[in-house]
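To keep things clear, I will list the structure first and then write my remarks on it.
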Amino acid sequence: MWNGDELALDEYLAFVGFDGDRSPSLDTVRLLQRGHVLNIKWENLDAVLHKHVALDIPSVQDKLLRRPRGGYCYEHIALFAGVLERLGFDFFGIQGRVQMGTNSIRPATHGMLVVRLDGEQWLCDVGFGTSPLAPIRLVDEDVIADESWTYRLLRGEVTPGADGWTLSEAAGDGTRPGWMSRHTFVLEPQYPVDYRAASHFVASSPNSPFSTRVFVQRLTPDRAYILDHRALHDIRPGVGRNTRELTPDQVLVALRETFGIELDADDSSLLLTRLAEQ
């Protein structure tokens, strides 16, 4: 179903630094998620520049592993699902509604995976950008300390009449107290065709923030770098946030030096035009 047979598995495992046991265990998926999140970048440049994002395994693997690029959630999920399938994991896809502190009902446009192991379910959210470094066990009121980041998972009504889950993060950048909801989700299985439909909206609709505004993220165990169009944020959990406003030319430099992303001449020129439009 997830086209794992098209994946160059050894190449992926080498890229994320995985050299452990390949059995479908909790230790394996923990190492895979950590390696994936820390080594594969998050960005939406294809959506901004071309209004199209390819989700087939050969295209995703070429872009995320062989070219100095990254991708957004549906690309990350396509790749990670292919890996889990090849390794024999029992899992299914879901979609979440991104909130980032709001209470409004937004479309379900965030792809994730749920792995079943020994009677328990684990959320693998590898495509959020500043993603958890480890799977999160689906347990109500569970607080998860992820090195410098802390998350809380609550079960309850997430939209009128729908029982589900809310994943929140501790306000660890020193600017906000308490918890901020990241996204909500229900455990309704999703399939590659669902992700393709949602990705088409995210990449091409004028109502999608990801089709018009540049977002790039890179995560380390104790730091997050986030490019929000022309604002570059350097966030240290529990310490604070440093923000610089960049010129369009400085954005290209930051992509290369901070995020390790190289664009060809045509895309660089087009990005300069997009950045100057806002």
Check your understanding: Hey, what's the per residue convex hull volume over the C-alpha atoms of region 1-105, in cubic angstrom?
Key -> 131
Practice item. Report the semi-axes of the equivalent ellipsoid for region 59-195 in whole Å, largest first, where each axis is √(5λ) for an eigenvalue λ of the Cα gyration tensor. Key: 24, 18, 16
Review point. Of the heavy-atom accessible surface of the chain (probe 1.4 angstrom), what whole percent is carbon and sulfur?
Key: 47
Study note, to complete from the structure: In whole Hz, the Karplus estimates of ³J(HN,Hα) for region 215-225 (6.51, -1.76, 1.60; θ = phi - 60°; x where Gly or Pro) are 9, 9, 9, 9, 10, 10, x, 10, 7, 10, 10
Point to revise | Cα pair distances in region 44-109, grouped into 5 Å bins until the bin that holds the longest one, percent each | key: 3, 15, 21, 20, 19, 14, 7, 2
Revision key, fill the gap. Rh (Kirkwood, all Cα-Cα pairs) for region 134-278, Å, reads 17.9
Check your understanding: Reported to two decimal places, what Rg/Rh ratio describes the chain when computed on Cα atoms with Rh from the Kirkwood expression?
Key -> 0.94
Check your understanding: In debye, nearest 20: dipole of region 52-166 around its Cα centre with unit charges on the Cβ of K, R (+) and D, E (-)?
Key -> 540
Point to revise | Student exercise, the chain dipole from Lys, Arg, Asp, Glu Cβ charges, in Debye to nearest 20 | key: 700
Exercise for review: Kindly provide the helix-only [θ] at 222 nm of the chain, computed as the sum of -39,500 (n - 2.57) over DSSP H runs of four or more divided by all residues, to the nearest 500 deg cm²/dmol?
Suggested key: -8500 deg cm²/dmol
Study note, to complete from the structure: Taking a ≥ b ≥ c as the square roots of the Cα gyration tensor eigenvalues, with a/c under 1.5 meaning rounded and otherwise prolate when a/b beats b/c or oblate if not, region 108-165 comes out rounded
Check your understanding: Mind checking the dipole of region 199-251: about its Cα centre, +1 per Lys or Arg Cβ, -1 per Asp or Glu Cβ, Debye to the nearest 20?
Key -> 100
Exercise for review: With a 10 Å radius around each residue's Cβ, average the other Cβ atoms per peptide and rank 105-113, 256-264, 121-129, 214-222, highest first.
Suggested key: 121-129, 105-113, 214-222, 256-264
Point to revise | Per residue, in Å², the accessible surface of region 1-140 once ligands and nucleic acids are set aside, probe 1.4 Å | key: 38
Point to revise | Separation in nanometres of the label points that stand 7 Å from Cα toward Cβ, at T273 and S204 | key: 1.9
Exercise for review: Hey, can you find the accessible area per residue of region 195-278 for me, probe 1.4 Å, expressed in square angstrom?
Suggested key: 51
Check your understanding: Sorted by mean Cβ packing within 10 Å, highest first, what order do the peptides 195-207, 74-86, 53-65 take?
Key -> 74-86, 53-65, 195-207
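The values are calculated or read from the model by the stated rules, or taken from the named source; none is laboratory data. What you are looking at is a predicted structure, and each value in this text was computed from that prediction instead of being measured. We place every Cβ from the backbone using ideal geometry, glycine too, and count neighbours over all the protein chains shown. Note: accessible area is taken over every heavy atom of the protein model, side chains too, but ligands, DNA and RNA are not part of it. Shrake-Rupley method; radii C 1.70, N 1.55, O 1.52, S 1.80 Å.
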